[in-house]
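What follows is a short report on a single structure.
The values are calculated or read from the model by the stated rules, or taken from the named source; none is laboratory data. Note that the structure is predicted; figures quoted are calculated from it, not measured. A quick note on method: Cβ atoms are made from the backbone with ideal geometry, for glycine too, and the neighbour counts reach across all protein chains shown.
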Amino acid sequence: MAHLTGQEALQLAADFALKAEYMRADDAADFKSKVELYETASRVAFLKACVIAREEEVRPVLGENLRRAMFVVA
């Protein structure tokens, strides 16, 4: 997951969560550990998406200037 965009990581998290939900609906005993695995993978992908989003927020796109509003507090 090192080279994902924030959008791709969110999509991956949603895919894992959806797969876990389908497996939970089947309610087979052998699927319980797989459901937990997919739920964990979904959480990890979501956290990775959050990290990527923070990094994308800080770095400007190539060719753009990073301009932040500056306010004086008196």
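Below are the figures for this structure:
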{"read-out": "Yes/no for Glu8 being more than 8 Å from the chain's Cα centre (by Cα) and in a helix (DSSP H, G or I)", "value": "no"}
{"read-out": "Lys19, sole failed condition from (1) more than 13 Å from the chain's Cα centre (by Cα); (2) at pLDDT below 85; (3) in a helix (DSSP H, G or I)", "value": "(2)"}
{"read-out": "Check on Ala9, modelled with pLDDT of 75 or more and surrounded by 12 or more Cβ atoms within 10 Å (Cβ to Cβ)", "value": "yes"}
